Amino acid sequence: MSRLVEIEGLTKIFERRGSLFFGGGRATRAVDGVDLTIAKGETLGLVGESGSGKSTTGRLVLRLIEPTAGTIRFEGEDIGRMSRAALRAARQRMQIVFQDPYGSLNPRMTVADILAEALTIHGEGSPAERKRRAAETLDLVRLPASALDRYPHEFSGGQRQRIGIARALMLRPSFIVCDEVVSALDVSVQAQIINLLQDLQRELGLTYLFISHNLAVVRHVSTRIAVMYFGRIVEIGAADALFAAPAHPYTRDLLAALPAEHPDMRGAHRPPPGDSFAPRTEGGCRFAARCRYAEPRCGAIEPKLETLPDGREVACFRAIDNSLPAAGERA
């Protein structure tokens, strides 16, 4: 498959100002040298704990926030070098669905106005044509046209998320960033929204970057999965292979955190001993302070992503030289 999105060396550093009482500011590398490719028609899952840089990465890819360094290519074009007008045109093909299906919708606007807003901004269609397009898009997300004249507070959480998805579809994009789109919903509603996204992908040929901390959901929807820790990708590969034999110790720990009753993972991995909130190691592997397999070299040198025989990439010395115990075994 051809590449739709190509990311090289993507970095975002947030500078924190100093204060009278707490001294000088400190820089936070929220995203630190990320390389990713997303093929047309696939779903790339991006997982990791809160604060790992997942959502920041999604916003950087769309240039909703400006990167500190790195290159982002969409359909072969470097969006970092685009003029304001060119970027505005490109954004018609790149959209985002946010986590909070209520906070992301203007409570003072009707659904018709919310959906038509994007067309208005881009100068597309007459008011009647915009309303017709809005009704057609509501039908795509399985909502009736009668919803057009209602306000966001009149809908359930799942229905509001459908409206959020419809808004993203109004400009007929090819690429959508799904940022924790089901985390605020009940489990039964999560399944409905996931099924809807998959149906839309088949019907419209969409490509997704699916950001979530829920591994079970990510496995269900993703073609490939990238695992993120402290701003870096530590493992990336086919979803089934990654779940069957996680290579990076951090990936194993994420899988170990799945509920014990999860049928696919029952007894497959053991939770790690010690402090799960140990700080990252400066200068070496970011996960070394939490890793039960760590060696002296892990604290001194930061490993780079390297390719395993099965095609997965992993940033772990012991996984690369095949000295890591099998998942579930003691070090």
| message | What's the magnitude of the charge dipole for the chain around its Cα centre, counting Lys and Arg as +1 and Asp and Glu as -1 at the beta-carbon? Answer in Debye, nearest 20. | response | 600 debye
| field | From phi via Karplus (6.51, -1.76, 1.60), per-residue ³J(HN,Hα) for the range 219-234 in Hz, x at Gly/Pro | value | 4, 5, 9, 8, 7, 10, 10, 10, 9, 10, 9, 6, x, 10, 7, 9
| remark: Connecting every pair of Cα atoms under 10 Å apart in the chain and solving the GNM, the largest mean-square fluctuation among Pro309, Pro101, Pro152 falls on Pro309
| remark: Connecting every pair of Cα atoms under 10 Å apart in the chain and solving the GNM, the largest mean-square fluctuation among Thr207, Thr251, Thr120 falls on Thr120
| request: Would you mind checking the tilt of helix 127-140 against the longest principal axis of the Cα atoms of the chain, expressed as 0 to 90 degrees and rounded to 10? | output: 50 degrees
| request: Calculate how steeply helix 187-204 sits against the longest principal axis of the alpha-carbon atoms of the chain, using the helix alpha-carbon long axis, and give the answer as 0 to 90 degrees to the nearest 10. | output: 70 degrees
| If contacts are Cα pairs under 8 angstrom and at least 6 residues apart, what is the relative contact order of the chain in percent? | 18 percent
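In nm, what is the difference between 0.36 nm times the number of residues separating Thr28 and Ser183 and their Cα-Cα distance? Before the final figure, lay out the partial values.
On the way: separation 155, 0.36 × 155 = 55.80 nm, distance 2.56 nm.
Taking Thr28 through Ser183 to full extension adds about 53.2 nm, to one decimal.
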| message | Between helix 157-169 and the chain, what is the angle of the helix's C-alpha long axis to the longest principal axis, kept within 0 to 90° and rounded to the nearest 10? | response | 80 degrees
| Among Glu15, Glu136, Glu42, residue whose mean-square fluctuation peaks in a GNM of the chain (springs only between Cα atoms under 10 Å) | Glu15
| query | Mind listing the Cα extents of the chain along all three principal axes, in Å, largest one first? | reply | 67, 49, 47
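Read the figures in this text as sums done on the coordinates, not as results from a lab. Please read all numbers here as calculations on a predicted model, not as lab measurements. Glycine gets a Cβ as well: all are built from the backbone with ideal geometry, and neighbour counts include every protein chain shown.
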